[in-house]
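A.B. asks: The structure that follows is given in the form of structure tokens.
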Amino acid sequence: HAVVHDLARSLKVLHIKSLSQSINNKNQITFQGEVEVVVDKKLRVWADRVFVDKTKQILIAESSGKGVVSIEDNTFLILADRFEFDLIKKTGYATQLCLHVDEGYFFAKRAEKINEMDWILEDMSYTACDASHPHWSLCARRATVHGSYFVRLSGLVFKINQMPIIGLPRFIVPIQGRSKSGFLMPRFAFDYQYGFGYKQEYYKYLSA
């Protein structure tokens, strides 16, 4: 317990809970079973297994079986299979990521946390539902999530099922919760009688 407490204090981890702990040496500890970690009041991680290395100042969270790693950074709640975080640089990456916003879901094979607010998503797809085979999706080679404000997409392709319909070199999607002028998330629909439908709204914020 003294080693665990010293390690947590040196890493500025405010809270660690788990069902079991195993100490590899003075600088490495593995936490297992319903692990909850809070770092610097800004990052909260839940996982089946968390490995912490004091010397390298890294944290690795992994899921087991059908479990997921939950990451909350005061901006989003993100689900992933694995999350590695540098406690000094405040950077890291996650694999098989799912990010939920009010309008829908962003999925990515790999996502890099480049600072305390922003993420870069590779091979990203967006859809309004979390079904395994959505009726439509927006796919991008690369996407940059700027906090809770907007997502910048590069190499965008709109698909119905798996069929590419239209491509755009760049596109910006606002996701901010606060009122601000800009294009809203596009809405797509398919009707057996009327066919494909697309609606793109623009919101104009009129300040007092």
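A.B. asks: From the cross-link list LYS17/LYS89; LYS26/LYS66; LYS56/LYS113; LYS42/LYS89; LYS41/LYS109, which pairs have alpha carbons spaced over 22 Å apart?
C.D. replies: Values: LYS17/LYS89 24 Å; LYS26/LYS66 31 Å; LYS56/LYS113 18 Å; LYS42/LYS89 14 Å; LYS41/LYS109 27 Å.
Pairs exceeding 22 Å: LYS17/LYS89; LYS26/LYS66; LYS41/LYS109.
A.B. asks: Roughly how many nanometres apart are two label points built 7 Å out from the Cα toward the Cβ at VAL68 and GLU36?
C.D. replies: If labels sit at VAL68 and GLU36, their model points lie 1.9 nm apart.
A.B. asks: Report the rotationally averaged projected area of segment 24-148 based on its alpha-carbon convex hull, in square nanometres. Walk me through the intermediate numbers first.
C.D. replies: Numbers: hull surface 32.0 nm².
Spelled out: convex hull of the Cα atoms, projected over all directions, averaged, 8.0 nm².
A.B. asks: With every protein chain kept in the model, how would you rank MET117, MET124 by accessible area, 1.4 Å probe, largest at the top?
C.D. replies: Largest accessible area first, the residues go MET117, MET124.
A.B. asks: How much length would be gained if the chain were fully extended between TYR149 and GLU122, taking 0.36 nm per residue of separation minus their Cα-Cα distance, in nm to one decimal?
C.D. replies: 7.8 nm
A.B. asks: Still on this structure: Set the Förster distance to 22 Å, then compute FRET efficiency between LYS17 and THR91 from the Cβ-Cβ distance, nearest 0.05. All intermediate terms of the calculation are to be shown ahead of the outcome.
C.D. replies: On the way: r = 25 Å, r/R0 = 1.12.
Calculated transfer efficiency: 0.35.
A.B. asks: Once the piece of chain linking LYS26 and CYS129 is laid out straight, how much longer is it, given 0.36 nm per residue of separation minus the C-alpha distance between them?
C.D. replies: Gain on extension, LYS26 to CYS129, equals 32.5 nm.
The values are calculated or read from the model by the stated rules, or taken from the named source; none is laboratory data. Quantities reported herein were computed from a predicted structural model and do not represent experimental measurements. Because the Cβ atoms are built from the backbone with ideal geometry, glycine has one as well, and the counts that use them run over all protein chains shown. Accessible surface is based on the protein model in full, side chains and every heavy atom, while ligands, DNA and RNA are left aside. Shrake-Rupley method; radii C 1.70, N 1.55, O 1.52, S 1.80 Å.
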